[in-house]
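The values are calculated or read from the model by the stated rules, or taken from the named source; none is laboratory data. Since this is a predicted model, take the numbers as computed values, not measurements. Here the Cβ positions follow ideal geometry from the backbone for every residue, glycine too, while neighbour counts run over all protein chains shown.
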């Protein structure tokens, strides 16, 4: 049995490494740990940044009022040495990502971190916490004289490995263990290509990775002979060829080692897509987002506005939940479109039963934003200088609106909202 000071040292080292690494991967993040060294020990809480604040009633119910957490399919008599490491049931606490496990070294441990609202996927973060649990058990199973304190360094720089671990887990479920595609070379290529300019421009377009045996079943617009296929590891060459798929529905195809050709046809069931968007990009597996990449590393962010405060404000209104959800989806679509198109966007969400009059370009009939075609039109109207006026009926009532002030002589809509606002307040 290790002494308490050594246990605290191991936990602090691992906790600090996870917190720092996840803060680089997902933005400022807090981390907490619940653990019990032995089956009869009390549960210990390590929460230096109050991550678990607000969850006390649930934790009390699970760990103080009940002993169910001490029992399960993986109890100490069935755990044979350090080699056996058994995951335990996720606690599913709101707003948190968690991973727990049992081993012969540490009877119970449950790691927590924040579930940021703008994450592509929680999978890599779960793999990060899983690896932290493994390393903590390994450290605690090591003689204190041999403890090297490397766990913190490993967990700080685990981003690429977390993405790889998650993708391999998903591939094994989908393809089984017998697969020829290797993830690390793909991740190296994605970051290498993303950081390579061509004529001063960052890469744009999609690069698809498929299983080698799936290539023969694909329809290509262009296919390269085996002996002259560009190597995936030649980032500059691949970057040049990527220009052929910019601003189109075409995709560059790779078998994980070479560039095979260009296609605009349907993809195999298993595919990995690197979507380069000049300066940043996204990695997806079978159509599901995994992570983003920029500045030479992987991150969890979706590069979209979080709108958390708006969501909270809508939940506090007297609107029905279905209406609240639809309004939020409409507003999110407008904001994300403005982000993508890189133009300003001002929205007035009118919660009055009957929308008030706002100075702007009024419509003969309001636009029903629940219709996809009219929502697309509204995204374009958002480019016009001024605000969109949206009611709780989920209709657009006017656009190019000025937010305050009385109408004055000399206003000219062709001069835009800033000019007319200046007139009103001068």
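Side notes on the structure shown:
- Pairs where the first residue, in segment 198-209, is assigned by TED's automatic domain parsing to the domain that holds residue 286 and surrounded by fewer than 21 Cβ atoms within 10 Å (Cβ to Cβ) and the second is in a strand (DSSP E or B) and modelled with pLDDT under 95, C-beta under 8 Å, 6+ apart: 204/277
- Of the residues in segment 172-192, not one is in a helix (DSSP H, G or I), assigned by TED's automatic domain parsing to the domain that holds residue 17 and in contact with a helix residue (DSSP H, G or I) (Cβ under 6 Å, 6 or more places away or on another chain).
- Any hit, segment 141-158, residues being touching a strand residue (DSSP E or B) at 6+ places or on another chain (Cβ under 6 Å) and either outside any loop (DSSP other than H, G, I, E, B) or at pLDDT below 85 (or both): no
Table: residues versus (1) surrounded by 14 or more Cβ atoms within 10 Å (Cβ to Cβ); (2) modelled with pLDDT of 90 or more; (3) assigned to a helix (DSSP H, G or I).
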| residue | (1), (2), (3) |
| --- | --- |
| 41 | no, yes, no |
| 48 | no, yes, no |
| 58 | yes, yes, yes |
| 73 | no, no, no |
| 77 | no, no, yes |
| 81 | no, no, no |
| 90 | no, no, no |
| 105 | yes, no, no |
| 113 | yes, yes, no |
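- Search result, residues across segment 351-390 that are outside any loop (DSSP other than H, G, I, E, B), in contact with a strand residue (DSSP E or B) (Cβ under 7 Å, 6 or more places away or on another chain) and either buried (at least 17 other Cβ atoms within 10 Å of the Cβ) or not assigned by TED's automatic domain parsing to the domain that holds residue 320 (or both): 366, 367, 378, 381, 387, 388, 389, 390
- Residue among 258, 219, 264, 247 that is touching a strand residue (DSSP E or B) at 6+ places or on another chain (Cβ under 8 Å) and on the phi > 0 side of the Ramachandran plot: 247
- Residue in segment 322-338 that is in a loop (DSSP other than H, G, I, E, B), surrounded by 13 or more Cβ atoms within 10 Å (Cβ to Cβ) and modelled with pLDDT under 95 present: no
- Boolean, residue 298 is under 21 Å from residue 26 (Cβ atoms), modelled with pLDDT of 95 or more and surrounded by fewer than 19 Cβ atoms within 10 Å (Cβ to Cβ): no
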